[in-house]
Amino acid sequence: AISQKYGTSVESLGGLYGRLSQAAGELGANRAQLQQFTTGVAAALKVQGGGAAETSGALTQLSQALGGAIVRAEEFNSINEGARPIVQAVANGIDRFGGSVSKLRAEVIKGNVTSQ
């Protein structure tokens, strides 16, 4: 229903939710938070524009980034290119980045950004 409402790929969004569910304990998230996050991602992608095919790669990379311990630069770059609102939301939501995607990127490259 979320995928249909926001025009995202069912497979990609389902993959994201599935990976989040598997890592829920490590992420410290409950089912309601996972659904809220997944809905927020889908909404952000709709606001950004573009179709399901264009955002599919970014969703796959996001699910991989959240499934691992540390966010890798390749994952970050793909998310940044295909789903910029998500990266901006992370930069805005973590005080040490102060809304700066550049600061966030630098920390990802250093290996200092965890999936949590």
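Return one whole number: the accessible area per residue of the stretch 1-82 in Å², for a 1.4 Å probe.
So the stretch 1-82 comes to 54 Å² accessible per residue, rounded to a whole number.
Can you tell me which aspartates and glutamates have their Cα less than 17 Å from the Cα of residue 103? Leave out same-chain residues fewer than eight positions away.
The reachable aspartates and glutamates, counting only those whose Cα sits under 17 Å from residue 103, are 74, 75, 81, 95.
Taking H as built 1.01 Å from N, whose amide H comes closer than 5 Å to the amide H of residue 114, not counting residues under 5 places away?
Distant-sequence amide H within range of residue 114: 71.
Could you give the nm distance between label points at residue 114 and residue 47, where each point is 7 Å from its Cα heading toward the beta carbon?
Those two pseudo-labels are separated by 2.7 nm.
Cross-link candidates for residue 5: which lysines have Cα within less than 22 Å, leaving aside residues fewer than 8 places away along the same chain?
46
For the stretch 29-95, state the semi-axes of the equivalent ellipsoid (square roots of 5 times the eigenvalues of the alpha-carbon gyration tensor), sorted largest first and rounded to whole angstrom.
Here the semi-axes work out to 17, 15, 12 Å.
What share of all Cα pairs of the chain, in percent, falls into each consecutive 10 Å distance bin?
15, 49, 33, 3
Give the peptides 40-47, 98-105 in descending order of average Cβ contacts within 10 Å, highest first.
Highest mean packing first, the order is 40-47, 98-105.
Using just the helices of the chain, give the 222 nm mean residue ellipticity in deg cm²/dmol: DSSP H runs with n ≥ 4 each add -39,500 (n - 2.57), and the total is spread over all residues, rounded to 500.
-22500 deg cm²/dmol
Stretch residue 70-residue 100 to full length: gain in nm at 0.36 nm per residue minus the Cα-Cα span?
So the chain would gain 8.9 nm between residue 70 and residue 100.
Give the angle, between 0 and 90 degrees and rounded to the nearest 10, that separates the Cα long axis of helix 31-48 from the longest principal axis of the Cα atoms of the chain.
Between the helix axis and the principal axis of the chain, the angle is about 90 degrees.
Tell me, what % of the accessible area of the chain is carbon and sulfur with a 1.4 angstrom probe?
Carbon and sulfur together cover 50 percent of it.
The values are calculated or read from the model by the stated rules, or taken from the named source; none is laboratory data. Note that the coordinates shown come from a computational prediction; the quantities given were computed from them, not determined experimentally. Don't worry about glycine lacking a Cβ; one is built from the backbone with ideal geometry, like all the others, and counts go over all protein chains shown. Surface accessibility is based on the protein's heavy atoms, side chains included, excluding ligands, DNA and RNA. Shrake-Rupley method; radii C 1.70, N 1.55, O 1.52, S 1.80 Å.
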